[in-house]
Number of protein chains: 2
Amino acid sequence: MKLVIAAAILSSAIALDDGLARTPPMGWMSWERFLCNVDCETYPDSCISEDLYKRTADLMASEGYLDAGYDHVNIDDCWSTFERDPVTNEQVADPDRFPSGIKSLAGYVHDKGLKLGLYSDIGTKTCGGYLGMQDNLELDANTFASWDIDMLKVDGCYQDTDMMGQTYPELSRALNATGRPIIYSCSWPAYLDPDYGEANDGEVLKELAEICHLWRNWDDIRDDWGSVSSVIDFWKRNSTDDPFIQVAGPGHWNDPDQLMIGDNGLSHSEERSQFALWAIFAAPLIMSNDLAHISKESKEILLNKEIIAVDQDPVGHQGSLVWSSEGSGDGDTYGGETRVWSRLLNDGSYAVVLQSTHSMGTATKVKLESSMLEGWGEGVKFTARDLYAHEDLGEFEGEMVAEVWPSDVEMFIVDLV
Amino acid sequence: MKLVIAAAILSSAIALDDGLARTPPMGWMSWERFLCNVDCETYPDSCISEDLYKRTADLMASEGYLDAGYDHVNIDDCWSTFERDPVTNEQVADPDRFPSGIKSLAGYVHDKGLKLGLYSDIGTKTCGGYLGMQDNLELDANTFASWDIDMLKVDGCYQDTDMMGQTYPELSRALNATGRPIIYSCSWPAYLDPDYGEANDGEVLKELAEICHLWRNWDDIRDDWGSVSSVIDFWKRNSTDDPFIQVAGPGHWNDPDQLMIGDNGLSHSEERSQFALWAIFAAPLIMSNDLAHISKESKEILLNKEIIAVDQDPVGHQGSLVWSSEGSGDGDTYGGETRVWSRLLNDGSYAVVLQSTHSMGTATKVKLESSMLEGWGEGVKFTARDLYAHEDLGEFEGEMVAEVWPSDVEMFIVDLV
């Protein structure tokens, strides 16, 4: 927990170097799938309760998710009461839905080899109207640490955005001062209007990287392809040299929000696309689904260890768009386009995603040229491995062509011969 | 082929009573999946060629689609040359891609027990730039009839929409005069700007019903949920008493465009939604997919005989929206809504679809009340059968509640006890 000291010494450097989140956090979060359902009488299997998190922890441990790296079970909104403890002023978990309390739940989760995440809000209330942290940052940081939580997502409802430049750093210091290692997930700058986080300059992002381990950089995700596509398009607009991409690295990550894999709104092609691209983005891999009811195909995507390895690459360069067919007039007659994304890995190889955003037709041939990859130049020889087919494809010279289906991707590791 | 006579006698009545399309046509069409790919060298398995239609016909016969009612194999755009025969002025199939010619292909398809559909355009060119019918309506009708085709889709590119009120009826008479039964699929009024078919009054629709067996009533569909949803939303806006719904019936159907089931852009929930709702709409069930590569789940939806029976109900009432949660403030916190659709069937029972357009969360409880169904009133006793689970659910009194997942539907037949 060297945060405060390091920030003081290296005020212009990225300094959240406390040993946490050296690779993007992985796990599960209740929000997208279970929302703020507090009606346990009508919906006993899907309401926000300790039972939901215990069942999920059981499945994460027994079904291979923990082995694959998904080690966080994260409570989201609507776990608390509406009033603080009248004596201690502390936050309190809803006694009907969390009868054992959060600390006991943390113990349960820890016994499975997992970590527990909690949710709160920097403002006076959470987005769901539950207890917020404003004016109680230090108290709540201490309470949460005393409950043995391992990660804290702090939302940005019910606070003037002008205050966030002070409150988010203040909470960072308070969490640091607890002495407990807690991954700190911020919702700033996503709340900054009017561009919802997009208009921030590099200075704001450098500050973020000094105080948060991850931060929601843009709009909330929903369980449909239109929403997931809009998040992907953000990373098309804010590409290679953008401060958002430059600032990502070990200990401080952009968070494009939860994985919608295993839910209801994405096709198999669209699920493949989200997973491959989140790995290019060096994004936290936080599922939000019902692990008791998930298709074999969705589970196979989530447990793809080769793609997870890209996401978790230790050097932590966020990848970016390196080519798109937009404006080339090439094969985009019926709307959509083809794209090439790349991410430089620790061993000097590149992870590459070839994407089609077409919404009609069959597969389109998409060409990766070696000159698209920084430092490679034209005509070089390289090998390729297909990360969805788990297959070595042999040697190529200067270019490689893959057939990519509408709404789908192909993903490769390419390496110089 | 009593079209002309009947229209003369009953000028104000719906009169396309030639025995064709007494239920909505079913089959397969190349457009959405195979588009205008004419590069058979690069894409031998997906270019527009007689081979594609033969392979599809084989699979429709061998894989149970024909048995389920899908009896049309429909060629779409890009099958012809760019120039008419210099001697006869007739349209000509591309000799490289259709070396045996259309008549021979019709023979192949007929031998399988299937029917062949063809495509052309009422204007000077097709949308893909191939031969159009304008100024050659009678000649082309005769040519196509001589090729033994069974259905003709006539697109509306490259013609002034002001002319369509004359040309579409003229072609109807020309097809009728050939003496061959040919289902006539029109693209009018979909081409009428600015509301793309939505602003038409009942008179235009009655005329359509006299000249076309089916007509594309609105925007083109694409292989993504945003597109399919927008088509569904058209039928929310134009509900019960709308002329579009009133005019549908045996021999004349609204065509909300192809099924995207078995393609790349719809999730399992979204595929279930499209199929159930197309049956409520009394819509033509025209697939556009690759039957050689289709998942078990998608095939099971397409071959659901209970839902097909709703679509093909002999009385041919188009169903409509009877309730939506929009504006009720009931459970729609995170966007989307729940809806109840119904369709009165020949035996007096109703087909009912409960739909959720939510894109977050788990299942929502949606209530069907007997008073939502015309003629039933409050509190009546009824039975229900689940058409996806193939299960009788027993008796209900006044209401029935089902859990509906985001982007999904549940579909029932309900009948008075």
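The values are calculated or read from the model by the stated rules, or taken from the named source; none is laboratory data. Predicted, not measured: the structure shown is a model, and the values here were computed from it. Cβ sites come from the backbone with ideal geometry, for glycine too, and all protein chains shown count toward neighbours. Each accessible area value is taken on the protein alone, full model and side chains, heavy atoms only, with ligands, DNA and RNA left out. Shrake-Rupley method; radii C 1.70, N 1.55, O 1.52, S 1.80 Å.
Residue under question is B:Gly377, and the condition is that it be outside any strand (DSSP E or B), within 14 Å of chain A (Cβ to nearest Cβ) and of a type outside the set (S, T, N, Q); does it hold?
Numbers: outside any strand (DSSP E or B): yes; within 14 Å of chain A (Cβ to nearest Cβ): no; of a type outside the set (S, T, N, Q): yes.
When the stated conditions are applied, B:Gly377 does not pass them.
Got at least one residue in segment A:136-151 being touching a Phe, Trp or Tyr at 6+ places or on another chain (Cβ under 8 Å) and of a type outside the set (A, V, I, L, M, F, W, C)?
no
Only one of (1) in contact (Cβ under 8 Å) with a residue 12 or more places away in the chain; (2) not in a loop (DSSP other than H, G, I, E, B) is not met by A:Pro189, so which one is it?
(2)
Does segment B:349-365 contain at least one residue that is without any contact (Cβ under 8 Å) to a residue 40 or more places away in the chain and more than 14 Å from every other protein chain (Cβ to nearest Cβ)?
No: segment B:349-365 contains no residue that is without any contact (Cβ under 8 Å) to a residue 40 or more places away in the chain and more than 14 Å from every other protein chain (Cβ to nearest Cβ).
All but one of (1) open to solvent by 30 Å² or more (accessible area, probe 1.4 Å); (2) in contact with a helix residue (DSSP H, G or I) (Cβ under 7 Å, 6 or more places away or on another chain) hold for A:Trp376, so report the exception by its number.
All conditions are met except number (1).
Among the residues of segment B:277-303, how many are of a type in the set (Val, Ile, Thr) and more than 18 Å from the chain's Cα centre (by Cα)?
Residues flagged as of a type in the set (Val, Ile, Thr) and more than 18 Å from the chain's Cα centre (by Cα) within segment B:277-303 amount to 1.
Taking A:Lys125 and the conditions (1) within 25 Å of A:Leu20 (Cβ to Cβ); (2) of a type in the set (Lys, Arg); (3) out of contact with any Ser or Thr (no Cβ under 9 Å at 6 or more places or on another chain), which numbered condition does it fall short on, given that it satisfies the others?
(1)
Specify the residue that is farthest from the other protein chains (Cβ to nearest Cβ); the eligible residues are those in segment A:32-42 that are touching a Lys or Arg at 6+ places or on another chain (Cβ under 9 Å) and of a type outside the set (Val, Ile, Thr).
Taking the candidates together, the pick is A:Cys40.
For segment A:158-177, state whether one or more residues are free of Cβ contacts under 8 Å to residues at least 60 places away in the same chain, within 30 Å of A:Leu303 (Cβ to Cβ) and under 22 Å from the mean Cα position of the chain (by Cα).
no
At least 2 residues that are over 30 Å from A:Ile48 (Cβ atoms) and open to solvent by 40 Å² or more (accessible area, probe 1.4 Å) in each: list the helices (runs of 4 or more DSSP H) lying fully within segment B:257-373 that qualify.
Here the list reads B:296-302, B:305-311.
Take A:Pro243 and tell me if it is closer than 27 Å to A:Pro181 by Cα, open to solvent by 20 Å² or more (accessible area, probe 1.4 Å), of a type outside the set (S, T, N, Q) and in contact with a Gly (Cβ under 7 Å, 6 or more places away or on another chain).
no
Any idea which residue in segment B:198-223 is least open to solvent (accessible area, probe 1.4 Å), counting only those that are over 26 Å from B:Ile182 (Cβ atoms) and at pLDDT 95 or above?
Looking at the filtered set, the residue picked out is B:Asp223.
If you take the residues in segment B:249-269 that are within 13 Å of the chain's Cα centre (by Cα) and among the polar types (S, T, N, Q), which one is nearest to the other protein chains (Cβ to nearest Cβ)?
B:Gln258
Are any of the residues in segment A:156-174 open to solvent by 60 Å² or more (accessible area, probe 1.4 Å) and touching a strand residue (DSSP E or B) at 6+ places or on another chain (Cβ under 6 Å)?
Among the residues of segment A:156-174, at least one is open to solvent by 60 Å² or more (accessible area, probe 1.4 Å) and touching a strand residue (DSSP E or B) at 6+ places or on another chain (Cβ under 6 Å), which makes the answer yes.
What single numbered condition from (1) more than 18 Å from A:Leu344 (Cα to Cα); (2) within 14 Å of chain B (Cβ to nearest Cβ); (3) outside any loop (DSSP other than H, G, I, E, B) fails to hold for A:Phe396?
(2)
Mind checking which strands (runs of 3 or more DSSP E) fall wholly inside segment A:51-157 and carry at least 3 residues that are modelled with pLDDT of 95 or more and not aliphatic (A, V, I, L, M)?
A:115-121
Any residue that is crowded, with 24+ Cβ neighbours inside 10 Å, assigned to a loop (DSSP other than H, G, I, E, B) and among the hydrophobic types (A, V, I, L, M, F, W, C) - is there at least one of those in segment A:229-237?
The answer is no, given that none of the residues of segment A:229-237 is crowded, with 24+ Cβ neighbours inside 10 Å, assigned to a loop (DSSP other than H, G, I, E, B) and among the hydrophobic types (A, V, I, L, M, F, W, C).
Quick check on B:Arg272: is it within 12 Å of chain A (Cβ to nearest Cβ), basic (Lys, Arg) and more than 30 Å from B:Asp18 (Cα to Cα)?
Yes; evaluated as a whole, the condition is true for this residue.
Testing B:Ile413 on (1) touching a Lys or Arg at 6+ places or on another chain (Cβ under 6 Å); (2) assigned to a loop (DSSP other than H, G, I, E, B); (3) open to solvent by 20 Å² or more (accessible area, probe 1.4 Å), one condition comes back false. Which one is that?
Result: B:Ile413 fails condition (2) only.
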